[in-house]
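The next block holds one structure in the form of structure tokens; read it before the comments.
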Amino acid sequence: MSNLERQLKGYRLTTAEILYHLPDHPDLLQSFVWQTLDMAPRYPVLRKFLDYWQNNIEGRLHSVRIAQRGIVSAAELRFAGAELTLH
């Protein structure tokens, strides 16, 4: 499925700021920013990524902050009334 098809089906650009504990220094937190197209409120793509993180990456998760923005919405899709060519 293309990105445009996903957006028309309700997927939105989702940004997750993930704070995690450094494996060698557990008292320190590191920030990781991750973006993808995902569908609120369940966020299946983000959940799959976080499950992978917990099972395969040593840094223990501290918190996740999520923001999302629709890139294409019905009001923004329009057909051009004219096409101009400039030589």
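The values are calculated or read from the model by the stated rules, or taken from the named source; none is laboratory data. Please read all numbers here as calculations on a predicted model, not as lab measurements. Methodologically, a virtual Cβ is constructed for each residue, glycine included, from the backbone with ideal geometry; neighbour enumeration extends over all protein chains shown. Calculation scope for accessible area: heavy atoms of the full protein, side chains included, ligands and nucleic acids excluded. Shrake-Rupley method; radii C 1.70, N 1.55, O 1.52, S 1.80 Å.
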(request) Kindly provide the set of residues from segment 45-59 that are part of a helix (DSSP H, G or I) and either open to solvent by 70 Å² or more (accessible area, probe 1.4 Å) or under 16 Å from Pro23 (Cβ atoms) (or both), ordered by number. (result) Arg47, Lys48, Asp51, Tyr52, Trp53, Gln54, Asn55, Asn56
(message) Can you tell me which residue is most open to solvent (accessible area, probe 1.4 Å) among those in segment 2-44 that are in a strand (DSSP E or B) and small (Gly, Ala, Ser)?
(response) Ser31
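Within segment 60-87, track down each residue that is at pLDDT 90 or above and either farther than 30 Å from His25 by Cβ or part of a loop (DSSP other than H, G, I, E, B) (or both).
Initially, segment 60-87 is screened for residues at pLDDT 90 or above, giving 60-67.
Passing the criteria: only Arg60.
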